[in-house]
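The values are calculated or read from the model by the stated rules, or taken from the named source; none is laboratory data. Bear in mind the structure is a predicted one, so any value in this text is a computation, not a measurement. No Cβ is skipped: glycine too gets one built from the backbone with ideal geometry, and neighbour counts run over all protein chains shown. Heavy atoms of the whole protein, side chains included, go into the accessibility calculation; ligands, DNA and RNA do not. Shrake-Rupley method; radii C 1.70, N 1.55, O 1.52, S 1.80 Å.
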Amino acid sequence: MSLQQEVIRRLDIVDYIGRFTDVHLTGNNYICRCPIHGSVENKPMTIYPHNQSYYCFACESGGNIINFVADLEHTTYRAALEKLAVECNLNLESNEEYQ
């Protein structure tokens, strides 16, 4: 399993986004105000737990939990992956794929 897949497997996207905004179950998905662009309009961010992804219909940000952190913190995908790997207690130095 790749480092990216392991991070996505270990961290639930609904719980993670829920750290930054209130999320509400609507059918099989969750909706919330987008913490990336500070939404005030009626276009919600939708979180799709079945495939651990999200999409904001206002700012058009979307992807997996790593994309979310990269967009939220205005950083690179790699930096976001590193941050989340540390949170998961994954050893980056011993991961051959990462190196």
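With contributions of -39500 (n - 2.57) from each DSSP H run of at least four residues, the per-residue ellipticity at 222 nm computed over the chain stands at -8500 deg cm²/dmol. Using only Cα atoms, tell me the angle between helix 77-87 and the longest principal axis of the chain; keep it within 0 to 90° and round to the nearest 10. Around 80 degrees separate the two axes.
In this calculation the C-beta distance from ASN89 to LYS43 is compared with R0 = 30 Å, giving a FRET efficiency of 0.25. Given a 1.4 angstrom probe, what's the average accessible area per residue across the stretch 1-90, in square angstrom? That works out to 56 Å² per residue. Taking every alpha-carbon pair under 8 Å whose residues sit at least 6 apart, the stretch 24-87 reaches a relative contact order of 20 percent.
A Stokes-Einstein calculation at 25 °C with viscosity 0.890 mPa s, built on the Kirkwood radius of the stretch 3-49 over Cα pairs, returns a diffusion coefficient of 215 µm²/s.
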